[in-house]
Amino acid sequence: MNKRKYRLFVICCLVLDLLVMLISGYRYLDRKIPDEIQISRGKKTEDVTEVLSTPFVTFEEAVTVSQDGGYILPCKLLGYIPFKEIKVTPADDQEIYVSGSTIGIYMQTEGVLVIDTGEIQNRNGETEEPARNIIRQGDYIISFNGEKISTKRELIDDISELDGSEVTLGISRKGESIPVSVTPVKDKKGDYKLGIWVRDDTQGIGTLTYVDQNGNYGALGHGISDIDTAQLLNIRNGALYKARILAINKGSKGNPGELAGYICYDDRNILGTIEANSRNGIYGQFTGIADDAITLKKMPAAYKQEVKIGTATILCSADGEVKEYDAEIRKIDLNHEDTNKSFVIKVTDKELLEATGGIVQGLSGSPVIQNGKIIGAVTHVFVQDASSGYGIFIENMLKNTERLF
């Protein structure tokens, strides 16, 4: 009886191991074979299958789906099991102006962002929280008693005129506009308050990735989120400014470093507009020029399937001057659900490691170069390994530019 139970246990373990191997193998192949790719116009199907050639995967005959030459390329596992259909889109090769220069970023939110709600001590010494369960962290206040508001100053002015009557706030919550009613509370000083903490702008230091032939730029490679709510900020407008690095807080294991800089808030130092804050970076019109503060170098852009494991370089400004530093591409994921985490890069340059510890806050957007082409940009640092982090394919950043402009 015990032998039978033991054999059953062993069989179950073997089956489980087999399932884990199959799932892991499927996931590996899914990350290796993209759902869609762009190719140089004029490339043949054979060129695509050669680039994507992977053990156990076979490609079927392509099916044309668009007049511009786009087609679907079915593939199977072991020649029998349907795996996926790859969308192949012909595209024109691009040359863009690659940067690596430090920039200052200033953005104003679309409405007034609610950071949190809080308690108010009324004139009787009792504690009240008028906005609790009505207004939520991450809401944007877009109107006050039917009147549109855009800034924190406008909200403060409206609150200062309250007389204790219930007010109606227009709220933008996860893309949906809803009205809510809040009854203000008179505090110990005799002023009416709603019990909310808010902000309407943000600023920081980052790196300019590129400017295209039409004067549109891309930077950071990831979006800007609010430090308190961790949500991607909805922005009304913003601007890029010239900036100077004043100090470097070196990164170490468990402690990501950062570039400490000074943003030159002056109309003469404006480099461009910020028109979009997306998961894959910030985008807008570049109005500056290449000078001592901004470096621009013309370079071809690579398709994601051209990125290879191996040596690469990073363009960044850690000391006020854009330099090229050695790095390595350690892992490539052509199908990552977070497109700003498509490859893993490790800084190997002794000079940059000595200065910054590797990748630090402020270097997001630093262009990554391989085989004479820009392949992407640095986006994140690993908290437990400051020398390594994630990157985004330049192809994905350029797609954002095309959609926006």
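Each reported figure results from applying straightforward, stated rules to the coordinates on display, with no laboratory input. As the structure is a computational prediction, the values presented were derived from the model and not from experiment. Positions of Cβ are generated from backbone atoms using ideal geometry, with glycine treated the same way; all protein chains shown enter the neighbour counts.
General remarks:
- Structure-derived Rg and Dmax of the Cα atoms in Å - corresponding label in (i) 26.2, 87; (ii) 22.4, 74; (iii) 20.7, 63: (i)
- Note on the chain: with a GNM built from Cα contacts shorter than 10 Å, the maximum mean-square fluctuation among CYS264, CYS13, CYS75 falls on CYS13.
- For GLY376, the residues whose modelled amide H falls within less than 5 Å of its own, excluding neighbours fewer than 5 places apart on the same chain, are VAL368, ILE394.
- Cα-based reach from LYS87 at 22 Å (exclusive), listing lysines while leaving out same-chain residues under 8 positions away: LYS32, LYS43, LYS44, LYS76, LYS304, LYS308, LYS341, LYS399
- Among beta bridges from DSSP that stay inside the chain, the antiparallel ones total about 95%.
- Relative contact order of the chain, pairs being alpha-carbon contacts under 8 Å that are 6 or more residues apart, as %: 16
- This model, with +1 at the C-beta of Lys and Arg and -1 at the C-beta of Asp and Glu, gives the stretch 228-295 a dipole about its Cα centre of some 260 debye.
- Rounded to the nearest 20 debye, the dipole size of the chain about its Cα centre is 1680 debye, using +1 on the Cβ of Lys and Arg and -1 on the Cβ of Asp and Glu.
- Estimated FRET transfer efficiency when R0 is 45 angstrom, pair ARG330-ASP68 (beta carbons, to 0.05): 0.80
- Length gained when the stretch ASP191-LYS323 is fully extended (0.36 nm per residue, less Cα-Cα span): 42.0 nm
- Computed magnitude of the charge dipole of the stretch 119-194 (debye, nearest 20; Cβ of K, R +1, Cβ of D, E -1): 240
- In the stretch 296-405, GluC sites (Glu not before Pro) in a DSSP loop with at most 14 other beta-carbon atoms within 10 Å: GLU321, GLU337
- For the stretch 62-75, 3J(HN,Hα) per residue [Karplus equation, 6.51 cos²θ - 1.76 cosθ + 1.60, θ = phi - 60°, Hz, x = Gly/Pro]: 5, 10, 5, 10, 8, 6, 7, x, x, 8, 9, 10, x, 9
- Added length on full extension, which subtracts the Cα-Cα distance from 0.36 nm per residue, ARG236 to LEU8: 75.7 nm
- Top of ARG27, ARG244, ARG132 by mean-square fluctuation, Gaussian network on the chain, Cα under 10 Å: ARG27
- For the residues GLY195, GLY42, GLY221, a GNM of the chain with alpha-carbon springs under 10 Å puts the largest fluctuation on GLY42.
- In sequence order, calculated HN-Hα J values of the stretch 296-308 (Karplus, 6.51, -1.76, 1.60; Hz; x Gly/Pro): 9, 10, 5, 7, x, 9, 8, 7, 4, 6, 7, 6, 10
- Dividing the summed helix terms, -39500 (n - 2.57) for each DSSP H run of n ≥ 4, by the number of residues in the chain produces a 222 nm estimate of -5000 deg cm²/dmol to the nearest 500.
- GLN121/ALA260 FRET efficiency (R0 51 Å; Cβ-Cβ; nearest 0.05): 0.85
- FRET efficiency for GLU147 and ILE289, using Cβ-Cβ distance with R0 set to 35 Å, rounded to 0.05: 0.25
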